[in-house]
């Protein structure tokens with residue numbers, strides 16, 4: 001089960017909300033001097049249909065919450081039969097040969113296959129987490145390349161790189177918040193998978209630091 005049948009009267013990590021704007025600033029150069037402002041900047045303001053709470057449950061409050069928009073999945077996901085059967089398989093760790101389409105795996109040289117097999121279980125698309133289909137979500141068309149048939153779906157996903165802060169004075173605590181904006185709540189298992197994956201996303205060690213540690 002991906003979603004709870006009954007939602008708690010509290011905001012939790014992974015909850016799906018609606019009614020909140022998403023803001024993305026864009027710059028051409030860093031504003032190291034006042035004159036840099038002349039280079040220009042843009043602030044994109046969007047109203048996604050749904051947003052996801054990425055603040056840890058115990059950190060929701062004091063008029064601050066971290067959100068990320070729920071977005072459409074990539075058409076390339078459906079090139080992998082393992083994913084195509086259930087896109088939420090992208091979320092947990094998997095065998096290396098499951099992370100790529102069979103035709104891609106078969107083209108790897110033996111040494112590359114052996115390297116990946118020795119690495120064992122791992123995440124594919126470490127920055128992404130797919131949300132299960134739900135009747136609340138609008139159905140959309142995923143356009144495929146070449147002669148492949150287009151697919152209609154209501155899978156959505158989040159990208160950890162799209163996280164932003166929102167200030168809203170009515171978010172005082174997880175319990176004392178605008179709960180009427182809450183649409184869906186993850187099951188304990190799904191929330192655990194989200195927590196594990198985002199923790200891995202932020203905890204990765206750069207290659208150059210791994211070399212120093214060794």
Report task. Kindly state which strands (runs of 3 or more DSSP E) lie completely within the range 114-214 and contain at least 1 residues that are over 20 Å from residue 53 (Cβ atoms). Result -> 140-142, 151-153
Query - Out of 67, 11, sole residue that is part of a loop (DSSP other than H, G, I, E, B), surrounded by 11 or more Cβ atoms within 10 Å (Cβ to Cβ) and modelled with pLDDT of 95 or more - result: 11
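Report, by residue number, each residue of the range 84-99 that is outside any loop (DSSP other than H, G, I, E, B) and either out of contact with any helix residue (DSSP H, G or I) (no Cβ under 7 Å at 6 or more places or on another chain) or under 21 Å from residue 133 (Cα atoms) (or both). Reasoning before the result, please.
Going residue by residue through the range 84-99, those that are outside any loop (DSSP other than H, G, I, E, B) are 84, 87-90, 94, 96-98.
Residues satisfying the conditions are 84, 87, 88, 89, 90, 94.
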**Report entry** Looking only at the range 21-57, and only at residues there that are within 18 Å of the chain's Cα centre (by Cα) and assigned to a loop (DSSP other than H, G, I, E, B), the one that is surrounded by the fewest Cβ atoms within 10 Å (Cβ to Cβ)
**Finding:** 47
Query raised in the report: Residues in the range 72-82: is at least one surrounded by 16 or more Cβ atoms within 10 Å (Cβ to Cβ), out of contact with any strand residue (DSSP E or B) (no Cβ under 9 Å at 6 or more places or on another chain) and closer than 19 Å to residue 152 by Cβ?
Result: yes
**Report entry** Subset of the range 125-138 (residues that are touching a residue at least 40 places away in the same chain (Cβ under 8 Å) and touching a helix residue (DSSP H, G or I) at 6+ places or on another chain (Cβ under 6 Å))
**Finding:** 126, 127, 129, 130, 132
Report summary line: Taking the range 83-97 and the residues there that are touching a residue at least 24 places away in the same chain (Cβ under 8 Å) and over 22 Å from residue 143 (Cα atoms), the one that is surrounded by the fewest Cβ atoms within 10 Å (Cβ to Cβ) would be 95
Report task. Could you list all residues from the range 169-191 that are surrounded by fewer than 17 Cβ atoms within 10 Å (Cβ to Cβ) and closer than 20 Å to residue 133 by Cβ? Result -> 187, 188, 189
Query raised in the report: Do we have any residue at all in the range 100-118 that's surrounded by 12 or more Cβ atoms within 10 Å (Cβ to Cβ), over 20 Å from residue 21 (Cα atoms), in contact with a helix residue (DSSP H, G or I) (Cβ under 6 Å, 6 or more places away or on another chain) and free of Cβ contacts under 8 Å to residues at least 12 places away in the same chain?
Result: yes
Query raised in the report: So which residues in the range 124-139 are within 20 Å of residue 187 (Cβ to Cβ) and surrounded by 13 or more Cβ atoms within 10 Å (Cβ to Cβ), if there are any at all?
Result: 128, 129, 130, 131, 132, 133, 134, 136, 137
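The values are calculated or read from the model by the stated rules, or taken from the named source; none is laboratory data. These figures come from a predicted structure and were not determined experimentally. With ideal geometry, Cβ positions are generated from the backbone for all residues, glycine too; neighbour counts draw on all protein chains shown.
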